[in-house]
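The values are calculated or read from the model by the stated rules, or taken from the named source; none is laboratory data. Since we're looking at a predicted model, the values are computed, not measured. Every residue, glycine as well, gets a Cβ built from its backbone with ideal geometry; the counts of neighbours run over all protein chains shown. These accessible areas exclude ligands, DNA and RNA; they are computed on the full protein's heavy atoms, side chains included. Shrake-Rupley method; radii C 1.70, N 1.55, O 1.52, S 1.80 Å.
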Amino acid sequence: MDHHHPSARNETPLERADRNFVELLQELRVTQTGVQILFAFLLSLAFTQRFTSLDAFQRATYVTTLLLAVLAAALFTAPAALHRSLFQKGAKPLIVQVSSRLATVGMRVLVLAFTGSVLLVVDVTTDLTGGLAAGAATLLVCVGLWGLLPRLVRRAARSQTGSRPLAAGTEDAEDREMAHRS
């Protein structure tokens, strides 16, 4: 009986690392745009007339959210800097592994930056209760779409393939890590 999965790729470890890095960079392009827009919005807030009327909680939320956006931007750009530093040093698989972890942490920080931004805007435009509710809803939506949904899709795919990995023998380090955490 042939145990070769139909979606298995015939690629060397280096080809896999190259492909995984390209895929990771595509993901980072999407997230970086969101972070850049958020960061620009937050930077511009400090220069508006209304900014001086913020209370202490709103200012703390603003500063915290601004710093979270900066941290997310740094985490999402770190893979490019890591690649540049280690270019042609034979470290592509390690670059991919570290970059994937940086992106994962970046997504977690971005959730907090989104939450803080929504909390701040709704607090300023309505009231603190509304801001807290909107911030909590933002957190739940992001955790649901970015955390829970991938787990549910993975579980559904595994049940369709008889508990085998999505692509037997070809799962990426991130796939193995997710499977280990499940």
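Residue-wise test of (1) closer than 23 Å to residue 136 by Cβ; (2) assigned to a helix (DSSP H, G or I); (3) open to solvent by 30 Å² or more (accessible area, probe 1.4 Å).
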position: 29; (1), (2), (3): no, yes, yes
position: 35; (1), (2), (3): yes, yes, no
position: 38; (1), (2), (3): yes, yes, no
position: 47; (1), (2), (3): no, no, yes
position: 80; (1), (2), (3): no, yes, yes
position: 88; (1), (2), (3): no, no, yes
position: 100; (1), (2), (3): no, yes, no
position: 106; (1), (2), (3): yes, yes, no
position: 110; (1), (2), (3): yes, yes, no
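For region 1-16, name all the residues that are at pLDDT below 85 and either under 19 Å from residue 100 (Cα atoms) or open to solvent by 100 Å² or more (accessible area, probe 1.4 Å) (or both).
Residues satisfying the conditions are 1, 2, 3, 4, 6, 9, 10, 13, 14.
Restricting to region 130-145, give me the number of residues that are open to solvent by less than 40 Å² (accessible area, probe 1.4 Å) and aliphatic (A, V, I, L, M).
So the answer is 1.
Do we find that residue 116 is open to solvent by less than 50 Å² (accessible area, probe 1.4 Å), in a helix (DSSP H, G or I) and without any contact (Cβ under 8 Å) to a residue 40 or more places away in the chain in this structure?
no
Do the conditions hold for residue 127, that is, is it at pLDDT 95 or above, open to solvent by 20 Å² or more (accessible area, probe 1.4 Å) and out of contact with any Lys or Arg (no Cβ under 7 Å at 6 or more places or on another chain)?
yes
Restricting the search to region 22-47, which residues are touching a helix residue (DSSP H, G or I) at 6+ places or on another chain (Cβ under 8 Å) and under 30 Å from residue 58 (Cβ atoms)?
Answer for region 22-47, where residues must be touching a helix residue (DSSP H, G or I) at 6+ places or on another chain (Cβ under 8 Å) and under 30 Å from residue 58 (Cβ atoms): 31, 32, 34, 35, 36, 38, 39, 41, 42, 43, 45, 46.
Considering only region 57-65, I want to know if a residue exists there that is buried (at least 16 other Cβ atoms within 10 Å of the Cβ) and under 17 Å from the mean Cα position of the chain (by Cα).
Yes; the residues of region 57-65 include at least one that is buried (at least 16 other Cβ atoms within 10 Å of the Cβ) and under 17 Å from the mean Cα position of the chain (by Cα).
On the basis of being part of a helix (DSSP H, G or I) and modelled with pLDDT under 90, does residue 177 make the cut?
yes
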